[in-house]
Amino acid sequence: SKPWSKQDLALTVERAIEAYRRDLELKAAAEALSRAHKQSLRFVPQDYLRALGRDHIEDVKQGDSVAQRVSIMFADIRAFTQLIESMTPEESFEFVNLFYAQTEGAIYDHGGFVDHYAGDGVMAIFPNHPQDALDAAISFSRAVDALNDSRMNDGLSPLEIGIGLHIGDVMMGVCGGERCLQCTVIGDAVNLTARL
(Lines give C-alpha, C1' and ligand atoms only; values in the text may rest on other atoms or scores of the structure.)
Protein backbone atom coordinates (compact mmCIF):
# COMPACT_ATOMS: atom_id res chain seq x y z
CA SER A 1 0.00 0.00 0.00
CA LYS A 2 2.99 2.32 0.42
CA PRO A 3 5.48 3.06 -2.32
CA TRP A 4 8.60 0.84 -2.43
CA SER A 5 11.96 2.41 -1.87
CA LYS A 6 14.81 1.15 -4.03
CA GLN A 7 16.52 -0.31 -0.95
CA ASP A 8 13.36 -2.16 0.24
CA LEU A 9 12.74 -3.54 -3.23
CA ALA A 10 16.37 -4.67 -3.62
CA LEU A 11 16.33 -6.32 -0.16
CA THR A 12 13.03 -8.13 -0.91
CA VAL A 13 14.28 -9.41 -4.26
CA GLU A 14 17.60 -10.47 -2.70
CA ARG A 15 15.81 -12.43 0.05
CA ALA A 16 13.49 -14.06 -2.49
CA ILE A 17 16.45 -15.14 -4.62
CA GLU A 18 18.22 -16.52 -1.52
CA ALA A 19 15.10 -18.47 -0.51
CA TYR A 20 14.77 -19.83 -4.05
CA ARG A 21 18.44 -20.90 -4.07
CA ARG A 22 18.02 -22.62 -0.66
CA ASP A 23 14.93 -24.44 -1.98
CA LEU A 24 16.91 -25.68 -4.98
CA GLU A 25 19.75 -26.87 -2.71
CA LEU A 26 17.29 -28.66 -0.41
CA LYS A 27 15.58 -30.30 -3.39
CA ALA A 28 18.96 -31.47 -4.76
CA ALA A 29 19.95 -32.80 -1.32
CA ALA A 30 16.62 -34.65 -0.99
CA GLU A 31 17.07 -36.22 -4.43
CA ALA A 32 20.63 -37.27 -3.56
CA LEU A 33 19.38 -38.83 -0.31
CA SER A 34 16.65 -40.67 -2.19
CA ARG A 35 19.20 -42.05 -4.71
CA ALA A 36 21.51 -43.09 -1.85
CA HIS A 37 18.64 -44.84 -0.09
CA LYS A 38 17.66 -46.74 -3.25
CA GLN A 39 21.29 -47.72 -3.77
CA SER A 40 21.60 -48.95 -0.16
CA LEU A 41 18.66 -51.28 -0.75
CA ARG A 42 20.78 -53.08 -3.34
CA PHE A 43 23.18 -53.99 -0.52
CA VAL A 44 20.47 -55.00 1.96
CA PRO A 45 17.66 -56.89 0.24
CA GLN A 46 14.15 -55.64 1.04
CA ASP A 47 13.28 -59.29 1.69
CA TYR A 48 15.43 -59.20 4.83
CA LEU A 49 13.72 -56.05 6.02
CA ARG A 50 10.30 -57.63 5.47
CA ALA A 51 11.33 -60.86 7.22
CA LEU A 52 12.51 -58.84 10.21
CA GLY A 53 9.31 -56.79 10.24
CA ARG A 54 11.14 -53.55 9.44
CA ASP A 55 10.08 -50.91 6.95
CA HIS A 56 13.33 -48.96 6.77
CA ILE A 57 17.00 -49.87 6.85
CA GLU A 58 17.60 -47.39 9.66
CA ASP A 59 15.31 -49.50 11.89
CA VAL A 60 17.60 -52.56 11.61
CA LYS A 61 20.07 -53.27 14.39
CA GLN A 62 22.61 -55.93 15.30
CA GLY A 63 20.99 -59.09 16.60
CA ASP A 64 17.61 -58.60 14.92
CA SER A 65 16.59 -62.08 13.80
CA VAL A 66 13.71 -64.38 13.06
CA ALA A 67 13.46 -68.17 12.79
CA GLN A 68 12.21 -69.23 9.39
CA ARG A 69 11.99 -72.30 7.17
CA VAL A 70 13.44 -71.45 3.76
CA SER A 71 14.83 -73.05 0.65
CA ILE A 72 18.47 -72.27 0.00
CA MET A 73 20.36 -72.37 -3.27
CA PHE A 74 24.10 -72.27 -3.80
CA ALA A 75 25.48 -72.07 -7.33
CA ASP A 76 29.03 -71.68 -8.55
CA ILE A 77 31.26 -72.13 -11.58
CA ARG A 78 33.23 -75.35 -11.73
CA ALA A 79 37.04 -75.02 -12.18
CA PHE A 80 36.77 -71.26 -11.64
CA THR A 81 40.37 -70.93 -10.42
CA GLN A 82 41.72 -72.51 -13.61
CA LEU A 83 39.37 -70.39 -15.71
CA ILE A 84 40.62 -67.06 -14.36
CA GLU A 85 44.31 -67.95 -14.27
CA SER A 86 44.61 -66.68 -17.83
CA MET A 87 42.69 -63.46 -17.09
CA THR A 88 43.84 -60.14 -15.70
CA PRO A 89 42.13 -59.05 -12.47
CA GLU A 90 40.07 -56.59 -14.52
CA GLU A 91 38.97 -59.33 -16.92
CA SER A 92 38.05 -61.66 -14.02
CA PHE A 93 36.02 -58.91 -12.38
CA GLU A 94 34.20 -58.19 -15.63
CA PHE A 95 33.63 -61.92 -16.16
CA VAL A 96 32.01 -62.57 -12.75
CA ASN A 97 29.82 -59.49 -13.11
CA LEU A 98 28.64 -60.74 -16.51
CA PHE A 99 27.91 -64.14 -14.95
CA TYR A 100 25.90 -62.55 -12.10
CA ALA A 101 24.03 -60.23 -14.47
CA GLN A 102 23.09 -63.18 -16.70
CA THR A 103 21.88 -65.43 -13.88
CA GLU A 104 20.44 -63.09 -11.23
CA GLY A 105 17.05 -62.84 -12.92
CA ALA A 106 16.51 -66.58 -12.50
CA ILE A 107 16.53 -66.07 -8.73
CA TYR A 108 14.34 -62.98 -8.51
CA ASP A 109 11.89 -64.17 -11.17
CA HIS A 110 11.05 -67.16 -8.96
CA GLY A 111 10.47 -65.38 -5.64
CA GLY A 112 14.01 -65.62 -4.30
CA PHE A 113 16.66 -63.08 -3.46
CA VAL A 114 20.44 -63.04 -3.42
CA ASP A 115 21.89 -63.42 0.05
CA HIS A 116 25.42 -62.80 -1.17
CA TYR A 117 27.93 -63.26 -3.94
CA ALA A 118 31.24 -64.92 -3.13
CA GLY A 119 33.81 -64.98 -5.91
CA ASP A 120 32.21 -67.13 -8.59
CA GLY A 121 29.33 -68.28 -6.42
CA VAL A 122 25.95 -67.06 -5.33
CA MET A 123 23.77 -67.94 -2.36
CA ALA A 124 20.05 -67.31 -2.71
CA ILE A 125 17.11 -67.62 -0.34
CA PHE A 126 13.58 -68.65 -1.28
CA PRO A 127 11.26 -67.84 1.63
CA ASN A 128 8.00 -69.06 0.10
CA HIS A 129 7.56 -72.43 -1.61
CA PRO A 130 10.35 -74.99 -2.25
CA GLN A 131 9.20 -75.26 -5.88
CA ASP A 132 10.41 -71.67 -6.32
CA ALA A 133 13.99 -72.76 -5.62
CA LEU A 134 13.74 -75.70 -8.00
CA ASP A 135 12.28 -73.53 -10.77
CA ALA A 136 15.01 -70.95 -10.16
CA ALA A 137 17.73 -73.60 -10.40
CA ILE A 138 16.37 -74.75 -13.76
CA SER A 139 16.11 -71.17 -14.99
CA PHE A 140 19.62 -70.44 -13.68
CA SER A 141 20.95 -73.41 -15.64
CA ARG A 142 19.21 -72.18 -18.78
CA ALA A 143 20.70 -68.71 -18.30
CA VAL A 144 24.16 -70.30 -18.16
CA ASP A 145 23.33 -72.25 -21.33
CA ALA A 146 22.54 -68.93 -23.06
CA LEU A 147 25.80 -67.46 -21.74
CA ASN A 148 27.65 -70.52 -23.03
CA ASP A 149 26.16 -70.07 -26.50
CA SER A 150 27.60 -66.56 -26.54
CA ARG A 151 30.95 -67.76 -25.18
CA MET A 152 31.25 -70.51 -27.79
CA ASN A 153 30.42 -68.01 -30.56
CA ASP A 154 33.38 -66.00 -29.27
CA GLY A 155 35.63 -69.09 -29.34
CA LEU A 156 35.61 -69.54 -25.53
CA SER A 157 35.01 -72.76 -23.64
CA PRO A 158 31.58 -73.30 -22.07
CA LEU A 159 31.07 -72.89 -18.33
CA GLU A 160 30.10 -75.76 -16.10
CA ILE A 161 28.19 -74.98 -12.93
CA GLY A 162 27.14 -76.73 -9.77
CA ILE A 163 23.85 -76.01 -8.01
CA GLY A 164 22.87 -77.21 -4.54
CA LEU A 165 19.35 -76.92 -3.12
CA HIS A 166 18.09 -77.69 0.36
CA ILE A 167 15.23 -76.77 2.69
CA GLY A 168 15.63 -76.14 6.37
CA ASP A 169 15.12 -74.04 9.46
CA VAL A 170 17.44 -71.05 9.76
CA MET A 171 17.87 -67.87 11.73
CA MET A 172 17.54 -64.94 9.35
CA GLY A 173 18.88 -61.69 10.67
CA VAL A 174 21.59 -59.13 11.22
CA CYS A 175 25.07 -60.22 12.29
CA GLY A 176 28.25 -58.31 12.81
CA GLY A 177 30.12 -56.02 15.11
CA GLU A 178 30.06 -52.35 15.96
CA ARG A 179 31.34 -51.11 12.58
CA CYS A 180 30.06 -53.63 10.04
CA LEU A 181 26.70 -55.37 9.84
CA GLN A 182 25.45 -57.97 7.40
CA CYS A 183 22.07 -59.58 6.80
CA THR A 184 22.43 -63.33 6.53
CA VAL A 185 20.94 -66.71 7.33
CA ILE A 186 22.60 -69.12 9.73
CA GLY A 187 21.83 -72.75 10.36
CA ASP A 188 22.86 -76.28 9.54
CA ALA A 189 20.67 -76.17 6.42
CA VAL A 190 22.95 -73.43 5.00
CA ASN A 191 26.10 -75.47 5.59
CA LEU A 192 24.56 -78.59 4.10
CA THR A 193 23.42 -76.70 1.00
CA ALA A 194 26.91 -75.28 0.49
CA ARG A 195 28.35 -78.79 0.61
CA LEU A 196 25.76 -80.04 -1.91
note = By residue number, the members of the range 63-94 that are exposed (fewer than 13 other Cβ atoms within 10 Å of the Cβ) and either β-branched (Val, Ile, Thr) or closer than 30 Å to SER34 by Cα (or both) are GLY63, VAL66, THR81, THR88, PHE93, GLU94
Qualifying positions in the range 126-149 - part of a helix (DSSP H, G or I) and either touching an Asp or Glu at 6+ places or on another chain (Cβ under 8 Å) or open to solvent by 60 Å² or more (accessible area, probe 1.4 Å) (or both) = GLN131, LEU134, ALA136, ILE138, SER139, ARG142, ASP145, ASP149
ask   = Residues in the range 60-81: is at least one touching a Lys or Arg at 6+ places or on another chain (Cβ under 6 Å) and of a type in the set (A, V, I, L, M)?
value = yes
query = Which of (1) in contact (Cβ under 8 Å) with a residue 40 or more places away in the chain; (2) at positive phi does VAL60 not meet, given it meets every other one?
reply = (2)
ask   = For the range 168-196, which residues satisfy the criterion of being in contact with a helix residue (DSSP H, G or I) (Cβ under 7 Å, 6 or more places away or on another chain) and surrounded by 14 or more Cβ atoms within 10 Å (Cβ to Cβ)?
value = GLY168, VAL170, MET172, CYS183
query = Do we find a residue being in contact (Cβ under 8 Å) with a residue 12 or more places away in the chain and either closer than 24 Å to ARG69 by Cβ or among the polar types (S, T, N, Q) (or both) anywhere in the range 84-102?
reply = yes
message = Anything in the range 23-57 that is open to solvent by 60 Å² or more (accessible area, probe 1.4 Å) and of a type in the set (D, E, K, R)? List them, or say none.
response = ASP23, GLU25, LYS27, GLU31, ARG35, LYS38, ARG42, ARG50, ARG54, ASP55
query = Only one residue in LEU49, LEU24, LEU98 is modelled with pLDDT of 90 or more, of a type in the set (A, V, I, L, M) and in a helix (DSSP H, G or I), so which one is that?
reply = LEU98
key: All positions within the range 83-95 that are small (Gly, Ala, Ser) and in a helix (DSSP H, G or I)   = SER92
request  = With the checklist (1) part of a loop (DSSP other than H, G, I, E, B); (2) surrounded by fewer than 17 Cβ atoms within 10 Å (Cβ to Cβ) in hand, flag the one item GLY111 doesn't pass.
outcome  = (2)
ask   = Within the bounds of the range 112-134, is there any residue that is touching a residue at least 12 places away in the same chain (Cβ under 8 Å), more than 20 Å from ALA67 (Cβ to Cβ) and over 17 Å from the mean Cα position of the chain (by Cα)?
value = yes
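The values are calculated or read from the model by the stated rules, or taken from the named source; none is laboratory data. All values derive from a computational prediction rather than experimental measurement. With ideal geometry, Cβ positions are generated from the backbone for all residues, glycine too; neighbour counts draw on all protein chains shown. Just so you know, the surface numbers come from the protein's heavy atoms only, side chains and all, with ligands and any DNA or RNA stripped out. Shrake-Rupley method; radii C 1.70, N 1.55, O 1.52, S 1.80 Å.
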